Structures are given as C-alpha cells and as structure tokens.
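Below is one structure; the comments refer to it alone.
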Amino acid sequence: MPPSPFRDLTNLGGRAFDRVGELTDRMLDGNLRIGVTGLRRSGKTVFTTALIDNLLHADRLPFLDVVATGRFIAARMEPQPDQAVPRFDYETQIARLTAPDPAWPNNTKVTSQARVAIRYMPGSLLKRRLRGVTRLNLDIIDYPGEWLLDLPLLDRTYAEWSRETLALSRRAPRDALAAEWLAYLSNRDPSGPAEEAVARRAAELYTNYLLACRASDQLLSLIQPGRFVEPGELIGAPVLAFCPLPEPAARAGRHTLWSMMEERFEAYKTNVVRRFFAEHFARLDRQIVLVDVLGALNAGPAALADMQTSLSATLESFHHGRSSWLDRLLGGRIDRVLFAATKADHIPSNQHGNLRRLLDGLVAERRNAIRFEGAAVETMALAALKCTETVMAEHQGRQLSCVRGIPLGRTEPTVLYPGEIPDDHRLLDRDGIRKLNFLDFRPPTLAGRHGRGLPNIRLDQALEFLVGDFLS
Amino acid sequence: MTGRTRDPDYVAPDYIQPMELDPSGNVVVVPDERSTGPHPSGEPAGEVETPDPVPAPRRWAVRLLVGSAAVLVALAVGYDTVDLVRRAFDTSMVLGIGAAALAAGTVVGAFGVVAGELRSLRRLRQIDGLRQDAEHLRAAGTHGEAERYAGAVASLYRDRSDLAPQLTSLKDHLSDAHDDREVVRMVDLQLLQDIDRRAYQLVLRASRDTAIATALSPAALLDVAIVLWRNLKLVREVASLYGARPGYVGGLKLLRRMLGNIAIAGVAESGNHLVAEALGSTLAASLSARVGQGVINGLLTARVGLTAMHLCRPLAYDETNRPSLKRIRRELLSVPKQVL
Ligand SMILES: Nc1nc2c(ncn2[C@@H]2O[C@H](COP(=O)(O)OP(=O)(O)OP(=O)(O)O)[C@@H](O)[C@H]2O)c(=O)[nH]1
Ligand SMILES: [Mg+2]
C-alpha cells in the first residue's frame, strides 16, 4: 500500500500553512519546544507533570534565575498550538499524584501536548525598556516511550533491520521469549507466496515476543517497532502486519512473503515513524533525555547495555547543533541537550554525584558527538517528584546513608540502604556485580500541600539549563 | 524489584548487603543533625589553600613594645589612682568613698568597653573563618558538610528581624538533596544577595555624601575630617549589615585593613584611571577643582565601601555577582551638575 503522492502533497500544503502561523507566533512571543525524550518508564509523564506544576506555583525552583531574582511574574497553561493533538491532561495527573492515596500515572498510550505560558520581567535594562513584561511559551509533548525506538528504523532497510533483530532475538536473555516466533518462522519460506494469514500469524507471534520482552523483569529496552506493543490509534491496521524474516538466499521476486513484509515495513516507516517524527521532533529547540539508570542497574548489566544501545540509536535521529537566529525562528536545531538520570530520590543524596558520573560515562559517546556538532550538553541527577528523604541509620556500628519513604504497595515508611552505586559503568562489569536494590516508592502523601508545587530534586537547575537563557 | 545475584561468591571487602532497616531504630534525619559528626561516605574535604587576603606578618617586636608600654601606663595610672584614693580617704571619708566609686566605675567601664571590642573582633574573625569554610566547600564538592556552614551563617543573622523573610525562605528551599556547592549557592542566593543590594545602596549614598560635602566645604582640613568620619561610619554600617557589628577598634581595624586591601579583586582600578575618568569627562573638566576633588573623594569612599563589603561577607563573591563601581561612578559624575 504505497502512500498516495497526492495525500502527501496536500499534507505538505497543510503543514506549510501551519508553519506560517507558527512563524508569526514565534516572532511575536518567545516560543520554545522542549523535547522530553526517554524510553518507556523513564519518567516522562511524571517529569512533564512536575515541570508544569512547579512552573505554575514557582515556589520550589530556587535556582531558576528568573525566580531567584524576583523577575518571574506568573505562569499558566494555555491552549496548545496543534489543534489535532490531544491536550496533556495535567489536571488529572496532578490530582492523582497529590491525592490522599496517591498513584503514579499509567503507561502513556497516546501523544499529548501541553503549553505553559510564562510572564516575566526581562533581566537586562535594555530589554525591559523595549518590551516591558515579556512572555515565553513552553511547548512540551508526552508520548509512549515505546514509540521513540522507532526513530532508528528510519535509516535502516528491511533487510538490515531483519538481520539485526533476528540476531538479537537468538541471544540470551531474549531467545527464550522468542522461541515460539522463531519456530514458526523456521517452517516458512520467505521467498514463498505472500499469504496474508501467514503474515498476520507471524506478526502476532512477533508481537507476543515483544510484549514478553516488555514484561520481563530484565528491563529490555530495545523493542521495535514500538507500535506493535503500543499501537495507539493503529490497532489492527495492516501496516502492523509484518515482522523480521530471515533473508532469502536469492533475491525475492514480487508477491513473495519477503516483499510483502518489506513493503509494509517501508509503509510503516513513511506513514507512522516519519510522521511522528515530523510532527513532534523535527522542530525542537531544546531536549532533555531522561534515563532510568537506576532501573537498569537494578535489572543488571544486560539491561544497562540494552538501554545504552537504544538511547544511542535513538538520539542519532535528532538534529543537534548551534542554532543561528534563523534556525531558532524556523526551529531547526537543538542547541542544548540535558541528559538526566531520573528517580534520583531512590538513592541517598550523597550518591547523586556518582549517579551523575555514571550517566556521564554511559552516554559519553553520544554526548561528545552532540557537543561536536555545536550544541551544549549537560548531565544531571534529578527527581521530578521527590518521594524519599535521606537519613542516617546505624548498622553494625557503621553509619549508613539510607533513604526513607513508603514503598509502593505498602502503607508504612521504611528505611532502605540501597547499596552504593559505582561512578562508572565499567566497574559493574569488572566486579561481576555490585549488589544493588532500589525499591519503587509511593508518591509522598499530599505532595502539593501548601500550594508550593511538587517537591523535586534539581528540577530548577534542569529548567535553568534548558530555558534559562530565554528567561534572562 | 529485587536485586539479583549474578555472582554469589563475589563479595566486596567492605560490602554491605542492600537491606531495609528498622524505621523505628536509631535513624537520624540528615538535614538537622549532619553537623554532629563527619559524614561516613563523603570524601574528606580536599585541602584547598585559599590565600588569606590580608597576610598578617608577625611583628612581635611591635607587639612587645605596645604591650609593655600599655601595661606600664596601666600600672602607673593604677598606682596614681590608688594613691589618690588613699589621700582622699585621709582628707575625708565621704571624699574617699566618692573617689573609690569613681575609680571602680572607670575600671568596670573600661572592662566593658574592652570586652565589647573583643567580642566584635571575634565576630569579624568568625566571618573570616566562614568565608574560608565556604571556599573549601565550593572547591571540594562534597556532600553533607555544608549544613553546618549554612547554620552558622543563619545564626549570624538570627536576631535580625529585617532578614526574617530571607531566613525563612532559605530554610524552606534547602533540602537534604542538595550537595555542598548547592547549599553554599543557596545561602548566597536566598540570603546574602539581599544584603548585598542594601549594602550597595549604603555605599552609593555615602559616596554621594562625601562628594557633595567635599565640594561644598570651605577648608581643606575640613575635607579630610569629613572623609575620614564618613568612611568610618560607612564601614561600620556595612559591617553591621553583614552581621559583623564592629566596635570602634573593629571599625578602625577594618578601615586599616581596607586601605591595605583596597586593590582587592574587582574593585581594583588604577587611581590614575579613576582621576582621569572623573576629570577627563568634558563636564568635570570645566568645573572648579573643588568639585573635582569631591568626585575623587566620593570614588574613594565608594571603594572603601565596596572593599568593606568584600571583607565582611561570610561568602566570597564569585565572578557573576561581584559589586561594581560602574553605577556609583555614573552617579558621582552627575554630582557636579547637582552642586552647580
Ligand atoms: N521515586 C520516583 N519515581 C519516579 C519518578 N518519576 C517516575 N518515577 C517512577 O517511574 C514510573 C514511570 O514514570 P512515567 O512518568 O509514567 O514514565 P513514562 O516515561 O511516562 O513511561 P511511558 O508512558 O510508559 O513511556 C512511575 O510510575 C514511577 O514509579 C520520580 O521522580 N521519583
Ligand atoms: Mg508516560
């Protein structure tokens, strides 16, 4: 089902029209698109909610310069620019997080967008004379993390992707999960006739394999294509009826199973992935990459390696670099990237330094590549919602830094010594294992009390890096 | 989530198994009690040599001279007084009692004054110490050591009702998650920058006062007196604002240190340059020498005041928030217009 050229053209026209509107918008007010990037369960939804909440209350952001110098006036949510995208349901999320019996957000199923408008006094005397009170619109989108891993597909051919994916599925720990699908494939001939039933069955088994990967406690990140596990509006669409196949020996002719799947793969790339990218990621100004380092550490070196590969592959798709004022107007390049280790409240605060350095090492290669392209890069350990406090506890005559909070599913607080995380991921391999144990904690009871916004760790510094220069 | 054991035989030398501890046991909430002991897992604060802005050479000979002379004088005065009192008693009982009471009053008063001066000097030293602590904390980047520093700075301003909102907001914003550098920065941001703003206003006002007073004063000797008096007053005002509360000796000491340190970072600009700037502008050049002198005295006062800010602040300025002469200079250059 090749995409009709006319549909593409009308799309293009519509998009160009949108762009003109957005351009004028950008010239009148400051508009800033922040790309919250993160694999599934990395904390995107919580981060977005906490960010909005803290901007609305502005009472827990001491290191955000505009607040510290008293130039911040107020912020509020506004209708987002893209009418076709659902609104980020901040109210529901915050109500759930701050309820007397608080709950974390569910897995995100669809894309949604939020716009926060900030009114502030410019810092420089000149700007203040020229413009008086200024405003900045922050646009943030939230989406299922699974979809992010579709981006690396864009520069793969079907053959390449099939080869990689099959090789991966034959290695531990995935081989056990993939057994049924692989067995089914071994009885089919890719260069045989294209039968819809076979394609559907193969895709179904492949989807089951992916779902099993997602459910496994090994925290496997590399799950492609993302829509198979989180289809969004595409449930049952034929574009999802494909899977990797072993490459046929001879070049497969038309109307073979291989060519049908290849066609669908390409259609998936064009109609699903490229569109998702163009609509949401192509025009970012700033990017924050949320990384659940602690979750991966908990699951072991395999999960860590898996996460590292996934992240690195994903980030290649973005355009980084120093942006001129013209780029800024058109929204072409990302000129600041923040790598953030999320959920830092799972460890006592004296280990935050190690967590940051660990993340630094994990993303070193990407970070350098981005820096080379001219964008500014920073790493940080943060928690969008601080659920624990650091306490000292005595154990066998030694003072241990522990965290105290209420674990998920319990009602009484506990004091947890999670172990010491190393400051370099290579230490994890060498020592064989560092025994670590992080618990998931409940959101703090009545977190938003006193109208101060959600308690957080370094959200202000993250914001200062991401948007500080626009608020100066 | 549970920690898996991949290599059950491996145990690091001082390894402690991740575990949950009894929440009711001896658990200490960190922010309040951290200062009671060294942090177990924080690295020791790195030894960082911060140069003392004022090298104090050991001038033992001078001290010996001054000390001995002072004791001698005290002894002499003491003998005379005792003699006087005895003679007063010889004359009449009433006169004797009166003289004794006066002598006692003098001694007690002197002790009081000395004690007050000593206390104020100690405060100055304490502030110096705090400033050095902060440098260590900033350089070392440790965790958990800075609470004591923040506590000490906060207690310096404990009785100041004018700073109550700043102290509250400092307390509100500090959390157990901040590392030492962040704590120091927070003290700077939430508490000291407000004081800085007010101190800057004081300096601004004082330098304008001296400029105008010098310009209007009829005699050169009067100038010197005005400048000295106003500078001393400014130094004491600034120091009190930062919580140093210097006595007379403290104020003089500060002033002396200041004259030695007037070239301290940031405030330093060559005197020639200043004069040139003050007089070289078309406006100032056409004015009488008196007014030009006033502007120069004003600038001198400004530099004294800014140096006082540097020396009395429990945290050294960094590159970004250092107070600058620029605004004061602009203000001063408008003085001639006001005077004429
Ligand atoms: N303690 C703590 N846990 C967090 C924090 N942020 C996220 N979490 C945990 O991480 C889980 C996932 O967070 P989400 O924000 O839903 O993750 P997401 O990236 O939106 O996930 P998808 O929607 O599946 O892509 C939450 O349910 C929490 O258990 C945090 O700041 N502190
Ligand atoms: Mg989500």
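The values are calculated or read from the model by the stated rules, or taken from the named source; none is laboratory data. Model, not experiment: these values are computed from the prediction. Don't worry about glycine lacking a Cβ; one is built from the backbone with ideal geometry, like all the others, and counts go over all protein chains shown. Areas reflect the complete protein model, heavy atoms only, side chains present, ligands, DNA and RNA absent. Shrake-Rupley method; radii C 1.70, N 1.55, O 1.52, S 1.80 Å.
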Measuring from label point to label point, each 7 Å out along Cα→Cβ, what is the B:L75 to A:N208 span in nm? 10.7 nm
Before rounding to the nearest 500, sum -39500 (n - 2.57) across all DSSP H runs of length at least 4 in chain A and divide by the residue total; then give [θ] at 222 nm in deg cm²/dmol. -12000 deg cm²/dmol
Need one value: the accessible area of B:K253 in square angstrom, 1.4 angstrom probe, rounded to the nearest 10. 90 Å²
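Report, to the nearest whole %, how much of the accessible area of the stretch A:230-284 belongs to carbon and sulfur atoms, 1.4 Å probe, protein only. It would help to have the intermediate numbers written out before the result.
Working: 1330 of 2450 Å².
C and S atoms contribute 54 percent here.
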So how far apart, in nm, are the two label points at A:Y184 and A:D217 if each is 7 Å from Cα heading toward Cβ? 2.8 nm
Calculated FRET efficiency, A:D101 and B:A115, Cβ-Cβ r, R0 56 Å, to nearest 0.05? 0.40
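Give me the extension gain from A:A282 to A:E233: residue separation times 0.36 nm, minus the current Cα-Cα distance, reported in nm with one decimal. Intermediate results must be reported in sequence, preceding the final value.
Values: separation 49, 0.36 × 49 = 17.64 nm, distance 2.14 nm.
This chain segment gains 15.5 nm when fully extended.
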Which whole-angstrom value gives the distance between the alpha carbon centres of the stretch A:368-428 and the stretch A:68-141? 28 Å
Shielding score for A:391-403, defined as the mean number of other chain Cβ atoms within 10 Å: 6
Reachable lysines, given that their alpha-carbon falls under 23 Å from the alpha-carbon of B:K233 and they are not under 8 places away in the same chain: B:K253, B:K326
With θ taken as phi - 60° and the coefficients 6.51, -1.76 and 1.60, list the Karplus ³J(HN,Hα) couplings across the stretch A:159-175 in order, rounded to whole Hz; mark glycine and proline as x. 4, 4, 4, 4, 4, 4, 5, 5, 4, 4, 6, 8, 8, 5, x, 7, 4
Which shape class applies to chain A: rounded if a/c is under 1.5, otherwise prolate when a/b exceeds b/c and oblate if not, where a ≥ b ≥ c are the square roots of the Cα gyration tensor eigenvalues? oblate
Chain A, dipole about Cα centre (Lys/Arg Cβ +1, Asp/Glu Cβ -1), debye to the nearest 20: 980 debye
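What does the net charge come to around A:L210 if you take all other residues with beta carbon closer than 13 Å to its beta carbon, with K and R at +1 and D and E at -1?
Details: positive: A:R40, A:R174, A:R214, A:R227; negative: A:E146, A:D150, A:E180, A:E204, A:E230.
Every neighbour counted, the sum reads -1.
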The lysines whose Cα lies under 23 Å from the Cα of A:K44, excluding any fewer than 8 residues away in the same chain, are A:K109, A:K343, A:K386
Points 7 angstrom from Cα along the Cβ direction at A:M77 and A:D440: gap in nanometres? 2.4 nm
Using Cα centres only, tell me the gap between the stretch A:217-286 and the stretch B:71-138 in whole Å. 90 Å
Between A:R449 and B:S334, Cβ-based FRET efficiency (R0 60 Å, step 0.05) works out to 0.75
Value of relative contact order over chain A, rounded to a whole percent, pairs C-alpha under 8 Å and six or more apart: 20 percent
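With a 1.4 Å probe on protein heavy atoms only, work out how much accessible surface A and B bury together, total over both chains, in Å² to the nearest 100.
Values: alone 21640 and 20980 Å², together 38540 Å².
The A and B chains share an interface burying roughly 4100 Å².
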Listed by chain and number, the residues whose amide H is under 5 Å from that of B:M19, excluding neighbours fewer than 5 places away on the same chain and using placed H, are A:Y417, A:G419
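What order, most packed first, do the peptides B:103-110, A:187-194, A:458-465, A:353-360 have when packing is the mean number of other Cβ atoms within 10 Å of each residue? Can you show the working numbers first?
On the way: B:103-110: 11.5, A:187-194: 14.1, A:458-465: 22.9, A:353-360: 20.6.
My ranking of the peptides, most packed first, is A:458-465, A:353-360, A:187-194, B:103-110.
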Other chains near B:227-236: what is the mean number of their Cβ atoms within 10 Å of each residue's Cβ? 0
